[in-house]
Each structure stands twice: as C-alpha cells, then as structure tokens.
Amino acid sequence: MAHLVAAMASVHLPSLLSAPGRFTPALWQKFNDGFASLRDTLAAAAVDTVVVISDEHFNALHPDCYPTFGVVTAATCTGPKENWLGPPRDSITVRGAPELGEEVLREGARRGFDLTRLGSVGLDHGFVTPLYFLTPSWDLSYLWLIQNCVLPPLPSVRRSYDLGRVVAEAIRAWDSPSRVALLGTGGLSHAVGMPDAGRVDRAFDGRLLDLLSANNPAMCEISDAEMDAAGNGTHEIRNWVTVAGAVAGAKGEVLFYDGEAGIGCAMMRFHVA
Amino acid sequence: MRAQALNALLVDLMRREETLGEYERDPDALAARHGLSDEERERLKAKDMGWLYVHGVHPYILTQFALSIRYDMKQLTTQLREATGYREAAS
C-alpha cells in the first residue's frame with residue numbers, strides 16, 4: 001500500500017508570481033521561510049506524489065460544466081492557462097498520478113461520494129503558484145483534486161472534511177510503494193472581484209487556524225454565511241479542511257499568518273506519523 | 001448563471017490569445033459572435049466593470065478579465081464600490 005507521509009496547506013495567491021512587488025520584504029521573508037520549511041518536509045518524507053486539493057478558477061473548467069469534486073486522472077497536465085500569471089502560458093507540464101486517481105474514484109463510490117473523473121485539465125494558479133515554490137523542478141507525480149469553491153451551491157465544509165477520509169483510504173488501498181503528501185491550497189479570508197476586495201477577516205482566520213491546528217471537527221460547522229461575510233475567496237478554506245479530514249485527527253502547526261496584504265496569508269503543516 | 005453570454009465570452013478571452021486579440025481589434029464582431037445585447041457590448045467595450053459586476057459577470061471571471069487586459073486592479077475595485085455604493089467599515 002502507499003503511504004500518507006506529509007500533509008500541509010498554503011495560500012495560492014497568484015500575486016506571488018504575477019505581482020511580487022505587492023508584498024513587503026518582511027512578508028516575503030515569511031513566504032520564503034514557510035515554503036522552505038514545507039520543502040524540507042517533502043524532502044525529509046521522501047515524497048514522490050503530491051495530492052493537490054484546490055479549486056479551479058474557470059481557466060480550464062467552464063462554468064457550464066463544473067463538478068463539485070473532480071479527480072484529474074490524466075497522465076500529464078500543462079499550464080498555467082493564465083496569460084497574466086508570470087510563467088508563460090503552457091510552460092509547465094507535470095506528470096499525473098492516474099492510478100491513484102482511479103483509486104480515489106473507487107473509494108469515493110464505496111463511501112457515497114459521487115466524484116467526477118476528469119481527463120487532462122489545464123493547470124491554473126491554484127495549482128501552479130504554491131508548487132512553483134514547493135517543487136520548483138516539477139519532478140514529482142501530482143494528483144489534482146478539484147473542489148468547487150467558486151460556483152454556488154458549494155459542498156458543505158463537512159462534506160469537504162469527509163472527502164479527506166476518501167483520499168486517505170484511497171492512498172492506503174493503492175497498491176504502490178509511493179510516499180504521498182497532501183497539499184490543500186487557497187484562502188484564507190479574502191474577496192475577489194467584489195467591492196470588499198482587500199478586506200481581511202482576522203478573527204475568522206484566527207478561529208479557523210485554531211480549529212485546523214487542533215484538528216477540531218467543529219470546523220465542519222463553518223457556514224456559507226460566515227465565509228461569505230469573510231469574503232467570497234474564503235470558501236477556498238474547504239481545501240485546507242479536506243487535508244485535515246484526511247489525517248485522522250493529527251494536529252497541525254501554523255507556520256505563519258499575515259493579514260497585511262489584503263488577504264489572510266498562512267501556511268501550515270499537520271503532524272503525520 | 002446570469003449574464004451567460006457575457007460570462008462565456010470573458011471565459012473564452014481569459015483562455016485564448018485569439019479572443020483577447022479580437023476584443024482589442026474588433027470588439028463588435030466578438031460581441032456579435034457571442035450574442036451580446038447592445039448594452040452588454042457597449043459596457044464591455046467601455047470596460048464598465050461596475051456595470052458588468054452588477055449585471056452578473058462572475059467575480060472571478062471579472063477579475064481575470066481585468067488581469068488579462070492588464071487593467072488597473074485598484075481602478076477595478078473603485079468601480080465596483082461606486083457601482084454598489086459600498087463603504088469600507090471604519091477600523
């Protein structure tokens with residue numbers, strides 16, 4: 001069986017690549033230190049496969065056909081699809097993890113999750129931005145799980161947490177010696193394309209990070225109304241919650257939090273045995 | 001989804017250099033191909049972001065449209081606030 005050996009979460013804000021001057025040197029130090037720490041975790045755990053849990057922002061998935069939970073089972077994916085992100089469009093091709101993807105689909109069916117098989121999906125900033133810093137050689141295998149955080153109605157946070165269980169069991173069932181890391185991306189509180197863009201809800205973020213660090217299932221009670229009030233981009237915290245749901249109650253540590261740049265920025269790592 | 005034709009056009013523009021080029025060269029033809037109303041066409045040509053937001057362009061699509069055309073993102077937020085009467089809460 002494969003082994004879940006690392007679990008982490010990070011913001012995926014595209015400005016890290018497209019507008020780096022937006023951030024102060026002090027905040028860049030936090031980003032750089034955080035990414036370095038997570039790179040060390042990946043290396044120490046000898047990770048060869050990363051399950052990336054993020055939403056997709058309509059660069060490849062169309063609003064006319066957007067699954068609640070999609071499993072990208074292609075052998076390769078290419079991106080970024082944005083023409084504004086920084087790395088040239090389609091300059092990055094990554095190796096997929098189709099066998100693990102099929103395992104996730106099977107485990108989902110066993111557990112009452114109607115997951116959607118996706119073929120090759122163009123990579124967008126939700127995937128590219130954190131991995132640009134975490135695996136800059138793009139030399140691992142990557143299974144992308146796309147979770148709808150952008151087009152209501154969205155899955156409940158509880159559902160996102162339970163999806164984590166599906167992922168964990170699929171890894172266990174996978175007949176492979178692979179060493180697998182989970183990476184949830186997005187959040188934390190922020191507003192995109194809305195009048196309140198630039199507003200950060202530090203109280204929401206603080207409470208969320210406390211719940212995630214303790215792996216407290218009370219996180220499943222976070223409501224759409226609370227996330228709407230914290231900013232429409234806040235719905236991406238579901239991707240962090242899925243990682244929490246996968247690690248069987250393991251506690252976590254927050255590497256940093258900063259709300260000075262108009263978005264709740266954070267990274268964390270769970271203590272996976 | 002509201003503003004279906006507008007959202008579809010902008011998603012295409014986000015993804016394809018050809019569509020971005022057509023928006024810049026011949027936005028009337030692009031709008032006609034996507035079945036935009038006269039008002040939608042004119043507001044899109046004018047980059048009236050506040051109107052587009054209020055009339056149903058998805059916030060993520062609106063933002064990435066703005067980024068694709070190298071729009072001033074502070075100006076985007078200003079237009080959204082003016083269109084909606086949003087007032088920042090006092091800190």
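Is it the case that residue A:126 is under 15 Å from the mean Cα position of the chain (by Cα) and either at pLDDT below 95 or not in a helix (DSSP H, G or I) (or both)?
Answer is no for this residue.
Among residues belonging to the stretch A:40-56 that are out of contact with any Lys or Arg (no Cβ under 7 Å at 6 or more places or on another chain) and either on the phi > 0 side of the Ramachandran plot or assigned to a helix (DSSP H, G or I) (or both), point out the one that is nearest to the other protein chains (Cβ to nearest Cβ).
Step by step, filter the stretch A:40-56, then rank; the result is A:42.
Out of (1) under 17 Å from the mean Cα position of the chain (by Cα); (2) surrounded by 22 or more Cβ atoms within 10 Å (Cβ to Cβ); (3) among the β-branched types (Val, Ile, Thr), the odd one out for residue A:222 is which?
Evaluating residue A:222 over (1) under 17 Å from the mean Cα position of the chain (by Cα); (2) surrounded by 22 or more Cβ atoms within 10 Å (Cβ to Cβ); (3) among the β-branched types (Val, Ile, Thr) leaves (1) as the failure.
Residues that are within 8 Å of chain A (Cβ to nearest Cβ): which helices (runs of 4 or more DSSP H) entirely in the stretch B:6-91 hold 1 or more of them?
Per the criteria, B:17-25, B:49-54, B:59-68, B:73-84.
Tell me which residues, restricted to the stretch B:4-20, are under 14 Å from residue B:56 (Cα atoms) and surrounded by fewer than 19 Cβ atoms within 10 Å (Cβ to Cβ).
B:4, B:5, B:8
Rundown of residues vs (1) in contact with an Asp or Glu (Cβ under 9 Å, 6 or more places away or on another chain); (2) in a loop (DSSP other than H, G, I, E, B); (3) surrounded by fewer than 17 Cβ atoms within 10 Å (Cβ to Cβ), yes/no style:
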position	(1), (2), (3)
A:5	no, no, no
A:17	no, no, no
A:21	no, no, yes
A:27	yes, no, yes
A:30	yes, no, no
A:38	no, no, no
A:85	yes, yes, no
A:93	no, no, yes
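Name the one entry in A:203, A:218 that is more than 14 Å from chain B (Cβ to nearest Cβ), in a helix (DSSP H, G or I), of a type in the set (Gly, Ala, Ser) and free of Cβ contacts under 8 Å to residues at least 12 places away in the same chain.
Only one candidate qualifies: A:218.
Name the single residue that is nearest to the other protein chains (Cβ to nearest Cβ) among those in the stretch A:140-199 being more than 30 Å from residue B:86 (Cβ to Cβ) and among the hydroxyl-bearing types (Ser, Thr, Tyr).
A:142
Between a first residue in the stretch A:158-173 that is more than 20 Å from residue A:73 (Cα to Cα) and a second residue that is among the polar types (S, T, N, Q) and crowded, with 19+ Cβ neighbours inside 10 Å, which pairs have beta carbons less than 9 Å apart while being 6 or more apart in sequence or on different chains?
That search, which allows pairs on different chains as well, returns A:161/A:242; A:162/A:242.
Do we find a residue being modelled with pLDDT of 95 or more, more than 19 Å from the chain's Cα centre (by Cα), closer than 30 Å to residue B:74 by Cβ and not acidic (Asp, Glu) anywhere in the stretch A:41-49?
Scanning the stretch A:41-49 turns up no residue that is modelled with pLDDT of 95 or more, more than 19 Å from the chain's Cα centre (by Cα), closer than 30 Å to residue B:74 by Cβ and not acidic (Asp, Glu).
The values are calculated or read from the model by the stated rules, or taken from the named source; none is laboratory data. Predicted model only: the values in this text are computed from it and were never measured. Don't worry about glycine lacking a Cβ; one is built from the backbone with ideal geometry, like all the others, and counts go over all protein chains shown.
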